[in-house]
């Protein structure tokens, strides 16, 4: 049924508003909204939160999101008439409290931070809303439904009577001492008159109930007519219940009484008094009314010793002592009362006698364990008596959920003859405790990703220190009955301010709200609103808030009661240990240590302890921070480990290597950790790296401990590590060798993969801190870097020579090598270099990776294969090639003859020797064009042949003709750096930076026309086969560059002391420059330029010096 009628609405202007709202939403009945989708709704209690987002109203449905516990959001839908929905102050931030009654759950799609059920109200609604502007409204649709049902009954309902406005219910009058016996008649008249006044007041309140009576009607538990009449009695109204009259009916059974009108005597009948007042007494009533005077004597005769249930175990300790004292006190009072002959005096002491008996019965119902004489000033204060569910529903007007009583008969209300079994306070500490600020769970239940409150006994002194981020940190250990057998719960608090931490002593109770759980304990992050308070058990007081902090909480009653029970439990535990002669110090658990784990067992974001073997270490000098990279292993594989391709790492070990960043004090410890050593690392963190793999992070150097594999006593983790290492080595050797790489030819090797090879030394070029080693295995590979022509031999071409850069200890080994030596190289890696994508070798490290071989050995199969390839190549190149030279000579003679015939036909008949020479030059000049014609040509790209000489060049210093440029961002890199700070990865060996030529000539022909041409292209014959990287790094290559350009530049170049620079311009003379050159010049249009003569660029393709 959809809500189609406007329910009653209350605002703060109503005098009963606060009373109604408090009764409708008791703090103890609040439910956790996050638990309702899993546990379901039983129709009792209420949920609360704040409106999140803008509500929507459409088609008779109001929908909005409400933030609830644990930062979750609940989707709420209310089907109703828009008339009353518009009354609700629905806006962002409005505080909402909704009764669970009538709640329906509907499935919705999954969404982050959103409950998986929609909360829907269709049949009715009880809600209280208060907006941020102060607008406050309470509505109850069920009250409107129940009003129609209740109005059909002849009299007022029980709920209307009980929930009448306080202004319509008479105040409870105080007890007055009973009058003397001789004034019994007047006394009875007064009693009757008061009774009639109370009846009239009760009927008036029932006939005209205020809004509070209507708002709390529960249609599911509407009382019957008989119950209404019984509830209408003044004895059933806890607010108007008068004190019972004195006991005088037995002595004067026929005493006349004056009625309300005073017209005649009236008799007080015992049947007019209720008989079961004790059972119907409300919760706050401490002195239930007495039975009628006519039956008092029978009740006294039955007043014997309290009967104890035979099935109930006998009381022991303090409870048995209290029962015995109460019985003795009652016996003394009974004897004193029987000794008095006067009935009046007996009636005077009746009130006090019955009250004592009632209090004694109440004392028996209170568990003895809840009394704490050291804390409470009144240890014998009675506990408030409880009532059954039926009476509770009648008193509050809210129906309680039915209890499962099918197997057991309904138990009567507790009386003084039936004693309740005491509750175990320790057992209650092992269960959760709900408060208005959330739930406190036992410490043993704190797990990873828990969000909530905790409370426990402090078992360690606080340890405070400063973190690497500049935050303050304090750590404690907490215990309660649930985790006493363990080392306690470790609690770590972080804060930006120093004076915001609790300072408890061992044995105090620490209360913490809004804590987060992790795999190690509980954490209060500095960016979270955690709060604390300390209950000092010795003084029984709660700590006061320190200055300049908002993290101190104010404990409520439930929290204080649980703190008291925790303090009593801990004190009893310590006293029991001392009474048996046990040192109480072991009750405080030792400091908890982190769990020792294998790398394969750790989740990212977790701190742990581990035992590892060091494989490699390198200082990261390119980082802004000082970080040392350490590579370790425990011979277990994590699914997110990064692949490792370092030359120090065996192939079979690449999947079990973990990189670890060492920061701060651990960074200084890194260089001392050598490969092959074993260490225990405590408090290391596993985290995600920027490349999507896991890596370790270590900050504290003192927590790194070196282990000795010869001293295994007390080191079980090292023993297990050595076993795993031995198993790995056996498995790797069985599968083909764990420390050996495949032996491959140069033409078979893959780029960026390690391999072994057998080669012959072709050339050795030592440098300052490294060395170039040129080798060959007599196999061809077209993608090798270009080598100097001086290295190329007739038998070994450039495509068979591999250049290897040697570093570290490999340099000293290679200095002793000579050309022609045959060597074996292990763990060689080919990598790309240069702008053309060509490859070369790289080898480093402190291991012995180069080994000289004996060429006469017959056992080395790789060596014999190399020598066979060498012999086959020599045999192929030494075979005669008949007719080749003959053909070349014949072709030259034919060309010369043809050229001579053409010249003879073009020559005039009579020419002198001088003229003949001049005419010959003119004839030859027909092959060339002027530089002016080259500039004016429309052909682009084009090829032209000219005769010109070099008159200038750039740069002035030939050492600057090689520049470094990043091939990724095309930026020129200073020579002080070898890597691009924008594009290169500091942890990788490869770089985007490559060396390029930047050399230009200015040529001039006989007409004086000049043209700037480039000699930097790879097609240029001037620098052909001379790599720019060699010129940049090798002095021999630079000398070769100077030797090539010096004949072309003539007197423009000055060479001295290994340097080559341009002669000063002031020293230039007319006609200075290089010799006349025969040049083939090419033109091209740079990218993005218009096709005109101005932006064209020119390059020398071929050159030669003209014969004089």
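Taken together, the values in this text are just the output of simple stated rules run on the coordinates, not laboratory data. What you are looking at is a predicted structure, and each value in this text was computed from that prediction instead of being measured. Cβ: placed from backbone, ideal geometry, glycine included. Neighbour counts: every protein chain shown.
Mind checking the full-extension length gain between residue 496 and residue 753? Use 0.36 nm per residue of separation minus the Cα-Cα distance, one decimal, nm.
Once the chain is fully extended between residue 496 and residue 753, it gains 87.6 nm.
Could you tell me what percent of the DSSP beta bridges with both partners in the stretch 486-550 are antiparallel, to the nearest 5? Let's see the in-between values first.
Working: 9 of 13 bridges.
If we restrict to bridges inside the stretch 486-550, about 70 percent are antiparallel.
Just the C-alpha atoms of the stretch 754-877: what Rg/Rh do they give, with Rh taken as the Kirkwood radius?
0.94
Normalise the Debye intensity by I(0) for the stretch 8-152, one equal point scatterer per Cα, no solvent, then take log10 at q = 0.18 Å⁻¹ and round to two decimals.
So the normalised log intensities are -1.11.
Pull up the DSSP beta bridges for the stretch 754-877 and report the antiparallel fraction as a percent, rounded to 5.
Taking every DSSP beta bridge with both residues in the stretch 754-877, the antiparallel ones total about 85 percent.
Evaluate E = 1/(1 + (r/R0)^6) for residue 812 and residue 708, where r is the Cβ-Cβ distance and R0 equals 35 Å; express this FRET efficiency to the nearest 0.05.
0.65
Relative contact order for the stretch 754-877 using alpha-carbon pairs under 8 Å, separation at least 6, rounded to a whole percent?
Worked out over the stretch 754-877, it gives 30 percent.
Within a 10 angstrom radius of the beta carbon, how do 532, 1084 rank from fewest other beta carbons to most?
1084, 532
Take 108, 823, 57 and order them by how many other Cβ atoms sit within 10 Å, fewest up front.
Ordered by Cβ neighbours within 10 Å, fewest first: 108, 57, 823.
Would you mind putting 824-830, 32-38 in packing order, based on average other-beta-carbon counts within 10 Å, highest first? Intermediate results must be reported in sequence, preceding the final value.
On the way: 824-830: 20.7, 32-38: 16.6.
Sorting 824-830, 32-38 by mean packing, highest first, produces 824-830, 32-38.
What number, in nm² with one decimal, is the all-direction average of the projected area of the convex hull of the alpha-carbon atoms of the stretch 922-1105? Numbers along the way, then the final one.
Values: hull surface 50.6 nm².
Orientation-averaged projected area of the Cα hull: 12.7 nm².
Full-extension gain between residue 1035 and residue 63, please, as 0.36 nm times their residue separation minus the C-alpha to C-alpha distance.
Numbers: separation 972, 0.36 × 972 = 349.92 nm, distance 8.12 nm.
Between residue 1035 and residue 63, full extension yields 341.8 nm more.
Need the full-extension length gain, residue 954 to residue 427, defined as separation in residues times 0.36 nm minus the C-alpha distance. One decimal, nm. The partial results should precede the final answer.
Working: separation 527, 0.36 × 527 = 189.72 nm, distance 9.32 nm.
Extra length available between residue 954 and residue 427 comes to 180.4 nm.
Quick check on the exposure proxy: order 117, 852 from fewest to most C-beta atoms within 10 angstrom.
852, 117
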